[in-house]
Structure formats: C-alpha cells, structure tokens
Amino acid sequence: MVAVTGAEIRRLYPEYAEDLHRVRAEQREFLAASGKGFTAQLDDIEAEITYLLLRARRPQLVVELGTLHGWSTTWILRALRDNGTGMLRSHDIAERVRETVPAELRGSWEFRPGDARETMPALPERTEYLFIDADHGARFARWYVRALLDPCSWPMNVSVHDVFHWRFAKPLSEGRVVLDWLDTRREPWFTAARARARDEFDALCALRAELGFTEDIKASKTNPMLYFALS
C-alpha cells in the first residue's frame, strides 16, 4: 500500500473536484436538514481528504469505529457510491446513526451496534480502509493496535481522528499510542492538521480556493486527522 502524502492529496483535489463540489453540496444540505443536536465531527479538509482517498484507492470493505450522528458515515458512503463499489461496516455503542443516514445511501452500509471490542474481536479479513473516531483514550487505542492493526497481514489504509488538536499528541492519549506504534514500525504518516502541519494546511487551503472550495460547511479548521497506510 502506497503511503499517504501531501503530494498525492494535492493531485487528487483537481482530479475529483467536480464530484467533490457535488458531495460538499449534498453534505451541506444533509447538515442543514439534521436539526439541533446533530454533531458534524469532521472538519472540511479532513472530510474531503477521506473522500478523496476512498475514491482513489477504491476499497471493497471499509470498517468504521465510531459513527456518532453519521457525519463521517455519510462522507464515506458517498465516496463508495461514487466509486460504484464497496461496502461500509460501522460499529458504535450509540445508535442514532440508524435514524440519520439517508435511505439512498444505505444499500452499501451495515451497522453493528455495541462495543467494537465485543462485536468485532478481530478485523474482518481484507478490510482495505479502517476509519477510527471512537473512544480517544489510550486503553481503547492499545486494544485496537493489538487486536486490529498488529495482526493485519494485508495492505490497508487507516484514518484516526482527533490526534492533532495541538502540535503534539497529548501524553496518555489515543494519538500518542498510535504514533508510538507507527514509530516502532517506521511507518510514515500524514496529517493536514493546522496545529501540526501548517505548511500542508496552508497549501491545501490555497489549492481549494483555486478550485472554488471557498464556502465552509463546518466552521472549524482544526483538521486533527492522522492518515497512514499499512503495506
């Protein structure tokens, strides 16, 4: 699996710009219709990068840990829809996502309620993209590193949310556990988080402006997602 890089992301933006404009409009409409109490947990750039990677790498099986109200879920499902292939299997203790995901996106989606440590003791074979935005504590991270990442013997892309709200991952946090694990394996990683990678963030902002992505869907510009690929 090829490592995720800023150069790749900057190439994918113009390649999928037309589709991304449409999906951003769909997500903006979805958010507006969702009402009070709905939380859009991904910022715009990290949501767009997730969409672009899914389009370019065309996974057949995506596993999502943590759905909350379905913001990341719908971004993922729209990418699979636009690819014309692929399945998303989501896990969460909370079940509100059952009510929020639009009916037209459900054909490629399976939701499994409950604690992933119980409902998914091992990663489904040939999972090609693992999206993690669940419990952000070190204990949960140690579980999925040991149970899901370490045993993985096939190429897989991984996204972990809420790692870089600051320049460095906080001690005893999920992000610290994952970064230490990647360092031990000497695996490269990528982020467009403003606090950690300001040059990458600024370059993407400039490119997005050139492509007409000027209106925010979500006001926050933190983009704390961590991306890496296991080969």
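In segment 176-194, which residues are surrounded by 14 or more Cβ atoms within 10 Å (Cβ to Cβ) and of a type in the set (Ser, Thr, Tyr)? Across segment 176-194, the qualifying residue is only Thr191. Per this entry, Ala122 is not counted among residues that are within 29 Å of Arg176 (Cα to Cα) and either in contact (Cβ under 8 Å) with a residue 40 or more places away in the chain or within 19 Å of the chain's Cα centre (by Cα) (or both).
Sort out which residues of segment 77-105 are free of Cβ contacts under 8 Å to residues at least 24 places away in the same chain, exposed (fewer than 13 other Cβ atoms within 10 Å of the Cβ) and farther than 18 Å from Arg55 by Cβ, and write them in order of number.
The initial filter retains those residues of segment 77-105 that are free of Cβ contacts under 8 Å to residues at least 24 places away in the same chain, namely 84, 93, 95, 98-99, 103-104.
Going one step further and asking which of them are exposed (fewer than 13 other Cβ atoms within 10 Å of the Cβ), we end up with 84, 95, 99, 103-104.
The answer is Glu95, Glu99, Ala103, Glu104.
Being polar (S, T, N, Q), open to solvent by less than 20 Å² (accessible area, probe 1.4 Å) and within 27 Å of His21 (Cβ to Cβ), is that true of even one residue in segment 195-217? Looking through segment 195-217, none of the residues is polar (S, T, N, Q), open to solvent by less than 20 Å² (accessible area, probe 1.4 Å) and within 27 Å of His21 (Cβ to Cβ).
Which of the residues spanning segment 155-170 are open to solvent by 70 Å² or more (accessible area, probe 1.4 Å) and more than 27 Å from Ala25 (Cα to Cα)? Before the answer, list the steps.
At the first step, the residues of segment 155-170 found to be open to solvent by 70 Å² or more (accessible area, probe 1.4 Å) are 165-168, 170.
Correct list: Trp166, Arg167, Phe168, Lys170.
Of the candidates Arg176, Arg186, Arg196, the single residue that is basic (Lys, Arg) and touching a Lys or Arg at 6+ places or on another chain (Cβ under 6 Å) is Arg196. Working carefully through the options Ser220, Ser173, find the one that is open to solvent by less than 50 Å² (accessible area, probe 1.4 Å) and at pLDDT below 95. None of the others qualify; the one that does is Ser220. Sub-6 Å Cβ pairs linking a first residue in segment 50-63 that is aliphatic (A, V, I, L, M) to a second residue that is assigned to a strand (DSSP E or B), at least 6 apart or interchain, are Leu61/Met87; Val62/Leu88; Val62/Tyr129; Val63/Arg89; Val63/Leu130, ordered by first then second residue.
For segment 1-11, name all the residues that are surrounded by fewer than 19 Cβ atoms within 10 Å (Cβ to Cβ) and not in a loop (DSSP other than H, G, I, E, B). Hits for segment 1-11 are Gly6, Ala7, Glu8, Arg10, Arg11. Summed over segment 31-68, the residues that are modelled with pLDDT under 95 and buried (at least 21 other Cβ atoms within 10 Å of the Cβ) give a count of 1. Residues in segment 31-49 that are aliphatic (A, V, I, L, M), touching a residue at least 24 places away in the same chain (Cβ under 8 Å) and part of a helix (DSSP H, G or I): Leu31, Ile45, Ala47, Ile49.
Going residue by residue through segment 13-30, is there one that turns out to be among the small types (Gly, Ala, Ser), assigned to a helix (DSSP H, G or I) and more than 20 Å from Gly212 (Cα to Cα)? Checked against the condition, which is being among the small types (Gly, Ala, Ser), assigned to a helix (DSSP H, G or I) and more than 20 Å from Gly212 (Cα to Cα), segment 13-30 yields no hits at all. Among the residues of segment 124-139, those identified as open to solvent by 10 Å² or more (accessible area, probe 1.4 Å) and touching a helix residue (DSSP H, G or I) at 6+ places or on another chain (Cβ under 8 Å) are Glu128, Asp133, Ala134, Asp135, His136, Gly137, Ala138.
The values are calculated or read from the model by the stated rules, or taken from the named source; none is laboratory data. Predicted, not measured: the structure shown is a model, and the values here were computed from it. Note: ideal-geometry Cβ built from the backbone for every residue, glycine included; neighbour counts use all protein chains shown. These accessible areas exclude ligands, DNA and RNA; they are computed on the full protein's heavy atoms, side chains included. Shrake-Rupley method; radii C 1.70, N 1.55, O 1.52, S 1.80 Å.
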